[in-house]
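Asks: What follows is a single structure, and I will ask about it in a moment.
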Amino acid sequence: MFSLISVIWFLKIKLIFCHLSDPKCFWRIKETENDLGDKETYCLFSISTKQGYVKNDYFSWNIDKKVTPKTNHLIFSVYLALEEVNKNCHILPNISLLVNTECNRRKYDEKTGLALKIENIIPNYSCTNERTYLIVLTAPIWAVSTKLGPFLFMSRIPELYCGHFHPLLSDNEEFPHLYQISPKDTSLPLAMVSLVVHFRWNWIGVIVTSDDQGIQFLSELKGEMQKNIVCLSVAIIIQTEMSMALKELRMNYKHISMSSAKVVIVYGDKFSPIMYALTVWISQGILRIWVSVSQFDMITILGDFLLYSSTGTFIFSHQQPEIPGFEKFIQSVHPSNYSSEFSFGKLWWTYFRCSLPPSNCKKLKNCPTKTIFTWLFRTSLGMAMSDTCYNSYNAIYAVAHSLHEMLMQEVDTWSNNAGKELEFDSWKMFSILKTLKFVNPAGDLVNMNQNLKQDTEYNIFYIMDFQKDYGLKMKIGRFSEHLPSGQQLYMSKEMMEWATDIDQILPSICSMPCTPGLRKSLQEGKDICCFVCIPCPENEISNMTRILKMRYL
């Protein structure tokens, strides 16, 4: 019996480790000559159907001449899904999905609305193809969707929003036509506090936006911090209106610069003034260990990483499998060895599979530059999707599976119309889509029913500056909500020790632990994490329980 239990535990540990046994390394390239940085383009993918198989070159592509690699990557993920669906006769036999792509870089303002002409981008009918659009995919700027919503509703066209989840868009009364693909960040506060506890930090700062999303996150984060005896050094709430945010910019800078916390968690709507505030503060010398989400993993228009830190940045991203065939598809899109517009080197998520480092490199900082580049470029090249790209990829499959379900429900009707161009009811398809379950080509189970609480899993990445124009982003851990407490966070010790100097970073704590012979004395009006050490009374010794617990977490 004991041996059987041992085998089960070994297999379980082995399974968890396998998730990181082939960690991913990502080059992040600063394009100082590019004045766009990672600025995201708002895209609409208007989907229609056509009888028979349609090749990829039929797709129309109407975008600005100059867009960022991040937008190119988003478009590629949609086109890959379309090509796979159209070739798969088991999903939509003798029917193809078509897409009309509209991307625009123009600015918008939550006060005045869109700076672009809405009537020019409202998708309701394709004059060229003489067909009505079935559904529209939008990403990644949520505020634009709030402006487009009424027009799409009047046009009787449902919308799938593929950007990061935003609570405002989940209001069914205001947006009955809209469905968000991205899952909610239900366990993110717990995941971040688990990371903080892992590194024995108990004194942190937090920066959030003043909207419902940011305030709710801050409230949940405080709850998790209290359970784990982690204290809040400073909480900065960034106003969502630029004028208000600018008035408080200097005051908030003073608060964060005076805080002794070396770790700061950042969360909120990145399309609000929070990005501007962070850019200004970091340019003025605010260097912290940043902990944030994939939305803030970006290069600013100044050509710098948004969350630059001399000691590294931790990023949480929804776990997602690698889509097979993505690299091959991108190669087929531009076979001419990638033009300057679609350069492999400029793509946002270009990455390499990490293997064992060269024998003469025990730590990354000790590796000669030539050795590092030789090692990385020797390994196989692949492509990974961002959260928004993966959502868009799944959205195409959700539409296809919904249409398949409609065909199965009305097989007699469709049989009588064989050979004729089929017309689908968008709203019936939309109702089916919202309760759909399917397995995508990567083997990931996609459950579209957001009324059911789903366990959340995050990949944890560590970002560091490698050279002036390069950053290295490495997968160093994962968090799984469905695992038992105490086993939810897994960190790869080998990757951390090789890539970072995390052990040399001063701990982000309010007070140093008391040495033997001294005991804690809490200070009135201060957090439990802040204390002074006073001599123990005669014939007594200090209780070292808390110190030992912190040491071996």
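Asks: Order 260-268, 169-177 from most to least packed using the mean count of other Cβ atoms within 10 Å.
Replies: Values: 260-268: 23.2, 169-177: 14.2.
My ranking of the peptides, most packed first, is 260-268, 169-177.
Asks: Now a separate question. Give me the extension gain from K493 to Q51: residue separation times 0.36 nm, minus the current Cα-Cα distance, reported in nm with one decimal.
Replies: Values: separation 442, 0.36 × 442 = 159.12 nm, distance 5.39 nm.
In short, 153.7 nm is gained.
Asks: Could you please state, rounded to a whole Å, how far the C-alpha centre of the range 223-265 is from the C-alpha centre of the range 68-106?
Replies: So the two Cα centres are separated by 41 Å.
Asks: OK, next. Fully extended, how many nm does the chain gain between I301 and L452 (0.36 nm per residue separation, minus their Cα-Cα distance)?
Replies: Numbers: separation 151, 0.36 × 151 = 54.36 nm, distance 3.95 nm.
Full-extension gain reported as 50.4 nm.
Asks: Quick check on packing: order 275-287, 526-538, 178-190 by the mean number of other C-beta atoms within 10 Å, highest mean leading.
Replies: Numbers: 275-287: 16.1, 526-538: 13.6, 178-190: 20.1.
Descending mean neighbour count gives 178-190, 275-287, 526-538.
Asks: Here's something else I'd like to know. What order, most packed first, do the peptides 289-298, 222-231, 386-395 have when packing is the mean number of other Cβ atoms within 10 Å of each residue? Intermediate results must be reported in sequence, preceding the final value.
Replies: Working: 289-298: 22.7, 222-231: 16.1, 386-395: 25.8.
So the order, starting with the most tightly packed, is 386-395, 289-298, 222-231.
Asks: Stretch E423-L518 to full length: gain in nm at 0.36 nm per residue minus the Cα-Cα span?
Replies: On the way: separation 95, 0.36 × 95 = 34.20 nm, distance 7.94 nm.
Taking E423 through L518 to full extension adds about 26.3 nm, to one decimal.
Asks: Pairs to check: K147/K262; K328/K475; K254/K520; K227/K434; K50/K147; K328/K493. Give those whose C-alpha atoms are more than 28 Å from each other in this structure. Before the final figure, lay out the partial values.
Replies: On the way: K147/K262 40 Å; K328/K475 23 Å; K254/K520 30 Å; K227/K434 36 Å; K50/K147 30 Å; K328/K493 33 Å.
From the list (K147/K262; K328/K475; K254/K520; K227/K434; K50/K147; K328/K493), the Cα-Cα distance tops 28 Å for K147/K262; K254/K520; K227/K434; K50/K147; K328/K493.
Asks: Let me ask you something else. Amide H to amide H under 5 Å from V293: which residues, 5+ apart in sequence or cross-chain, H placed 1.01 Å off N in plane?
Replies: F316
Asks: Kindly write out, for the range 247-253 in residue order, the coupling ³J(HN,Hα) from the Karplus curve 6.51 cos²θ - 1.76 cosθ + 1.60 (θ = phi - 60°), rounded to whole Hz, with x marking Gly and Pro.
Replies: So the Karplus estimates, Gly and Pro as x, are 5, 9, 4, 5, 5, 5, 4 Hz.
Asks: Whole-Hz ³J(HN,Hα) for each residue in the range 255-268, computed from phi via Karplus 6.51 cos²θ - 1.76 cosθ + 1.60 with θ = phi - 60°, x for glycine and proline: what do you get?
Replies: 5, 6, 6, 7, 5, 8, 5, 8, 10, 10, 8, 10, 7, x
Asks: Pop out the ³J(HN,Hα) list for the range 234-240 in order, Karplus 6.51 cos²θ - 1.76 cosθ + 1.60 with θ = phi - 60°, rounded to Hz; leave Gly and Pro as x.
Replies: Here the 3J(HN,Hα) series is 8, 10, 10, 10, 8, 5, 7 Hz.
Asks: Between I207 and residues 5 or more places away or on another chain, which pairs have amide H atoms under 5 Å apart, with H built 1.01 Å from N, and which residues are they?
Replies: Distant-sequence amide H within range of I207: I236, I265, V266, Y267.
Asks: Starting from the amide H of S508, placed 1.01 Å from N in the peptide plane, find each other amide H under 5 Å away whose residue is 5 or more places distant or on another chain.
Replies: So S508 has HN proximity to N202.
Each reported figure results from applying straightforward, stated rules to the coordinates on display, with no laboratory input. Computed from a prediction, not measured in an experiment: that's the story for all the values here. Cβ: placed from backbone, ideal geometry, glycine included. Neighbour counts: every protein chain shown.
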